[in-house]
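The values are calculated or read from the model by the stated rules, or taken from the named source; none is laboratory data. On a predicted model such as this, the values are computed, not experimentally measured, just so you know. Counting neighbours? That spans all protein chains shown, and the Cβs are built from the backbone with ideal geometry, glycine included.
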Amino acid sequence: MTASIPDAAVHVRTLRKSYTVHDKEPGFMGSLRSFVRRKTHQVEAVRGVSFDLEPGEVVGFLGPNGAGKTTTLKMLSGLLHPSGGEVRVAGFEPRRREAAFLKRITLVMGQKQQLIWDLPALDSFLVNQAIYEIPDAQYRATMREFTEVLGLEGILKKQVRKLSLGERMKCELAAALLHRPRVLFLDEPTIGLDVNMQESVRAFIRDYNERYGATVILTSHYMADVTALARRILVIDRGELVFDGDLAHLAAQGSAGKTVRLQLRQPVTEAHLARYGSDVRVDGLSAELTVPRAEVSVRAARLLADLDVADLTVEDPPIEQVMGQLFGRGREVERV
Ligand SMILES: Nc1ncnc2c1ncn2[C@@H]1O[C@H](COP(=O)(O)OP(=O)(O)OP(=O)(O)O)[C@@H](O)[C@H]1O
C-alpha cells in the first residue's frame, strides 16, 4: 500500500549561493601577508536556480563537475544557508532545521558516511531510531522490509569497518531512510559500486519511492541510475539550470543526430557506410552510424534499399554522449 504524502514537494525560486574564498599567496611569507591583509573573492556556485517538484517525483540532477549540484542539495536539506532566493521543502524552510523538517527528509552522500565505523550497523540504526523517535513497531516493520529488499541479512551485526563498500552503502541507505523520510536527496548514492550492487541500490530506491510515494532528487555520474529511475531531468551548468524536462527531450536537444543500428546479412565496410552518416562503427555483421535528425527516414530508406539489412533500429544516442556534447559545446541548451 502506498502511504500518501501530500506535502512532499520541493519549491525553489531564484536560489543562489556564493562562497567567500580566501586567497592565499604561496609560501610562508605569502601566508603571513594573507594573515595581515586578507584578500577574498566570491565563487558563484548557484546562480538563480528555480524549479518545483511534485510529491512522488523522481528527478535526475545532472551536470559536470563543479556545476553546483551538491551545493544545491545542501541548501535543500538545510546544511547550507542560501545567499538569496527561496526554498521550501515539504512545506518547511530548510535553513531552520526544525525537528519536524528533519524527520521528513534525508540527505545521502555517497562519499560521506554516517554509520559508526567501529560498531555494527545495527547499533547505528538504534541510534537513529532514538534520534528520529521511531516507534518500536514501525522500526521493526521498516527493518524487516529493508532487510528483505536490500538483502541485509547477515551483515547487520558485522562491524561496519569490515563490510565491503557495497554492503556498507546498503547499510548507509537503510540508516538514512529508517525514519521513512518523504523527500530524499541522494548525492551519488552508487558511487564506486559494482554493476550488481548499483542495480540493487536502484531497485531499493525505486521500491521505496513506489511504496511511500517519496520525492527523490538524485545525482549520479552513472547514467544508468538516472535513466532507470528518473523521467524528469534537471541539468545544471556553472550554477545555472540549463535544462528541465524529460530525458527524451534532453537527448533531442543535446544531439543533432540519431543512432541507426543495423544488423546486416552481408558484410559492409566502414568506408561504404560513411556515405550514409558519421561516427560509423562496424563489428562483423553489426554496424551503427549517426545520421542527422531531420533526415532519419530518408537515410534509413536508402540503407534498406541499398544494403542487405536484416534489422534496422533508430535510437537516441546514449545519454553519456548527449551530456558530453552539451557540455563540450557550451550552453546552447534551453528549457523545454
Ligand atoms: N565550501 C566551499 N568553498 C568554496 N567554494 C566551494 C565550496 N564548495 C563548493 N565550492 C565551489 O562551488 C562550485 C560548485 O560546487 P559543487 O560541489 O556544488 O558542484 P557539484 O556539481 O556537486 O560538483 P561534483 O559533481 O564535482 O561533485 C565549484 O566551483 C566548487 O569549487
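Side notes on the structure shown:
- Check on Val36, within 10 Å of the ligand (Cβ to nearest atom) and modelled with pLDDT under 95: no
- Selection status of Lys157, farther than 11 Å from Ala175 by Cα and either within 25 Å of the chain's Cα centre (by Cα) or not assigned by TED's automatic domain parsing to the domain that holds Val216 (or both): no
- Condition broken by Pro82, with the remaining ones in (1) at pLDDT below 95; (2) within 15 Å of the ligand (Cβ to nearest atom) satisfied: (1)
- When region 82-102 is limited to residues that are of a type outside the set (A, V, I, L, M) and in contact (Cβ under 8 Å) with a residue 40 or more places away in the chain, the one that is farthest from Glu54 (Cα to Cα) turns out to be Ser83.
- Where a residue in region 122-147 is more than 21 Å from Phe101 (Cα to Cα) and its partner, wherever it lies, is of a type in the set (Asp, Glu) and modelled with pLDDT under 95, with Cβ under 8 Å and at least six apart: Thr147/Glu153
- Yes/no for Phe51 being surrounded by 15 or more Cβ atoms within 10 Å (Cβ to Cβ), in a strand (DSSP E or B) and in contact with a strand residue (DSSP E or B) (Cβ under 6 Å, 6 or more places away or on another chain): yes
- Residues of region 1-33 that turn out to be more than 12 Å from the ligand (Cβ to nearest atom), modelled with pLDDT under 95 and aliphatic (A, V, I, L, M), as a count: 7
- Residues in region 173-184 include none that are under 18 Å from the mean Cα position of the chain (by Cα), within 21 Å of Lys112 (Cα to Cα) and within 16 Å of the ligand (Cβ to nearest atom).
- Counting residues in region 104-125 that are closer than 24 Å to Lys69 by Cβ and either charged (D, E, K, R) or in contact with a Gly (Cβ under 6 Å, 6 or more places away or on another chain) (or both) gives one or more.
- Restricting the search to strands (runs of 3 or more DSSP E) fully inside region 81-193 and requiring at least 3 residues that are among the aliphatic types (A, V, I, L, M) gives 105-109, 183-187.
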